[in-house]
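The values are calculated or read from the model by the stated rules, or taken from the named source; none is laboratory data. The structure displayed is predicted, hence computed values, not measured ones. Backbone-built Cβ (ideal geometry, glycine too); neighbour counts: all protein chains shown.
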Amino acid sequence: MKRVSIKDVAKSSGVSTTTVSQILNGKGGRFSDQTRDRVFKARDELGYIASIAAKTLKGFHSILIGVIVPSFRLPFFANLIESMEKHEAYGVRLVFFAAADNKIESAIRSLVARGVGGLIIGRSIPESMKIYQLLAKQHIPYLVLDQNSNQQAHDRIIVDEFRGGGLVANHFIGLGHTKLAIVSPQKMTHNMLQRQQGFVEVLAPKNIQPIIINTADLSKHSGYAVTKKVIASKVSAVFVLNDAMSLGLIRGLIDSGLNIPRDISLAGYDDDDYAQFVTPALTTVSQPVTDIGISAIKLLMNRINYPNLPAQIQKFNLTLIKRESTSIYGGTA
C-alpha cells in the first residue's frame, strides 16, 4: 500500500496541495482558521508525516532502514550495529537511533520524515499500540527483536532467553551451588524477564529460591553499586543478567577483597567481546549477535520487497560459555 501523501491530505481537507504545503510549513497565515483546522485535522487523522527524503533525495532509489536501540553504549547493541553495517545489502542504507523511553515517538517520526522504507525495533516500546498504529498509517513495515514483547508483529527475531537462564541455573546446580542470587535491573525488558524466569523455574524443583538484587540500570556502574548487597546476601553464586553489570560487580567484589570464583561464582549474559579478557574470564551465555543482525536486515528486506508474505519468525538458540568465573562450591557461603 502507498504511504500517506500530501495529496491525500489535500483531498481529505478539500484544498490544493499548495495550500496544504504552506499551512504545514508555517506559511498559512493568509488562510482562514477554518481552512487551517481542516488541514491539521486531515493530517492527524491520516497520520501524514512530511518526507524530508522526498524533498532532498529525488532520483536516489536506495532503501533507507531505520534501527532503533535503547543505547549505543551497551556492548550488545554496539555489536549488533557493527554486524548490520558489515552485512548491509547493496542498495540499502542504515540509520541508527538510540532513544530513551520518552523520545521513542519523536525518534520514529524523525525516521519516517527521513523516508525510511522500514524499521528494525530493538528495544521495548511504551505505548506500543500508538506507535504501531502510526507505522500502519504510513504503511511502513517493521521487525522487532526480542527486547520487544509485541506478539502481533508480523516479523520477529526470537532468542530462546528462557533457555538461556536455565543454562546458567543448571550450571550452578551442577557445581553444587544452592544459595543463589540474580542481579537484574529495576526496569526489565521482555527478554530479560524471560532470562530470569528460565533461571527461577529450573531451580524450583530443587526448592531453591534465588535472592533478587535490583540495579538502577544495565551499566557497569550499576553492577559495581550492588556489591555490598551481593556480599551481604551470603550467596555462593550470582547470575547477572548482562555482561556489563557483571564487569562492574567483578570489580566491586575484587575491591572488597573477595576471590572469584573461590569465594563466589559469577555468570553473566551476552558474551560481549571483553568477557574472555577480564580477570577472571567471565562465564556467560553467548548470543549469536552477528546472525541476529544479518537476519534482521534480511527479513525486513523480504517484507519490503514482498509485502504479502506470511509472518516471518526467526529463532536462535544460545550457548553457555564456561570460563574462570565459576567453579565447584567450596562450602564457604
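Of all residues in region 193-218 being among the hydrophobic types (A, V, I, L, M, F, W, C) and assigned to a helix (DSSP H, G or I), which is surrounded by the most Cβ atoms within 10 Å (Cβ to Cβ)?
Among them, the one singled out is F199.
Taking into account only those residues within region 77-100 that are under 11 Å from the mean Cα position of the chain (by Cα) and modelled with pLDDT of 90 or more, which is surrounded by the fewest Cβ atoms within 10 Å (Cβ to Cβ)?
Ranking the candidates gives A98 first.
Checking E82 against (1) in contact with a Leu (Cβ under 9 Å, 6 or more places away or on another chain); (2) part of a helix (DSSP H, G or I); (3) over 11 Å from V67 (Cα atoms), only one condition comes out false. Which one?
(1)
Tell me, please, whether a residue that is assigned to a helix (DSSP H, G or I) and more than 29 Å from N305 (Cα to Cα) can be found in region 130-148.
No, every residue in region 130-148 fails to be assigned to a helix (DSSP H, G or I) and more than 29 Å from N305 (Cα to Cα).
Going by what's in this entry, would P307 be described as under 28 Å from Q152 (Cα atoms) and in a loop (DSSP other than H, G, I, E, B)? Walk me through it before giving the result.
Numbers: under 28 Å from Q152 (Cα atoms): yes; in a loop (DSSP other than H, G, I, E, B): yes.
It is true that P307 is under 28 Å from Q152 (Cα atoms) and in a loop (DSSP other than H, G, I, E, B).
Looking only at region 219-238, decide whether some residue is among the β-branched types (V, I, T), under 17 Å from Y274 (Cβ atoms) and buried (at least 23 other Cβ atoms within 10 Å of the Cβ).
So far as region 219-238 goes, no, none of its residues is among the β-branched types (V, I, T), under 17 Å from Y274 (Cβ atoms) and buried (at least 23 other Cβ atoms within 10 Å of the Cβ).
Go over the candidates S222, S256 one by one and state the one that is under 29 Å from I68 (Cα atoms), among the hydroxyl-bearing types (S, T, Y) and either assigned by TED's automatic domain parsing to the domain that holds D146 or free of Cβ contacts under 8 Å to residues at least 60 places away in the same chain (or both).
Values: S256 fails: under 29 Å from I68 (Cα atoms).
Answer to the check: S222.
Kindly indicate which of M245, M301 is modelled with pLDDT of 95 or more, within 30 Å of I120 (Cα to Cα) and in a helix (DSSP H, G or I).
Matching residue, one of M245, M301: M245.
Output the helices (runs of 4 or more DSSP H) that fall wholly within region 1-67 and possess 2 or more residues being at pLDDT 85 or above and under 37 Å from the mean Cα position of the chain (by Cα), or say none.
Helices (runs of 4 or more DSSP H) meeting the threshold: 6-13, 33-46.
Quick one: would you say G198 is in the same structural domain as Y274 (by TED's automatic domain parsing) and in contact with a helix residue (DSSP H, G or I) (Cβ under 6 Å, 6 or more places away or on another chain)?
Spelling it out, G198 is indeed in the same structural domain as Y274 (by TED's automatic domain parsing) and in contact with a helix residue (DSSP H, G or I) (Cβ under 6 Å, 6 or more places away or on another chain).
Among the candidates A244, A281, A237, single out the residue that is out of contact with any helix residue (DSSP H, G or I) (no Cβ under 9 Å at 6 or more places or on another chain), among the aliphatic types (A, V, I, L, M), in the same structural domain as L180 (by TED's automatic domain parsing) and touching a residue at least 40 places away in the same chain (Cβ under 8 Å).
Matching residue, one of A244, A281, A237: A281.
Looking at region 302-331, I want the residues that are over 30 Å from D263 (Cβ atoms) and have a partner that is modelled with pLDDT under 95 and assigned to a strand (DSSP E or B) with Cβ atoms under 6 Å, at least 6 apart or on another chain. Which pairs are those?
Short answer, once both residue conditions are applied: R303/D155; I304/G118; Q312/D155; I313/R156; Q314/I157; K315/I158; F316/V159.
Of everything in region 71-84, what is over 13 Å from I120 (Cβ atoms) and not aliphatic (A, V, I, L, M)? Give them in sequence order.
Residues satisfying the conditions are S71, F72, R73, P75, F76, N79, E82.
What's the number of the condition N214 fails, among (1) more than 23 Å from K103 (Cβ to Cβ); (2) in contact (Cβ under 8 Å) with a residue 40 or more places away in the chain?
Going through the list (1) more than 23 Å from K103 (Cβ to Cβ); (2) in contact (Cβ under 8 Å) with a residue 40 or more places away in the chain, N214 breaks only (2).
How many of the residues making up region 165-192 are part of a loop (DSSP other than H, G, I, E, B) and either of a type in the set (K, R) or without any contact (Cβ under 8 Å) to a residue 12 or more places away in the chain (or both)?
Matching residues across region 165-192 total 3.
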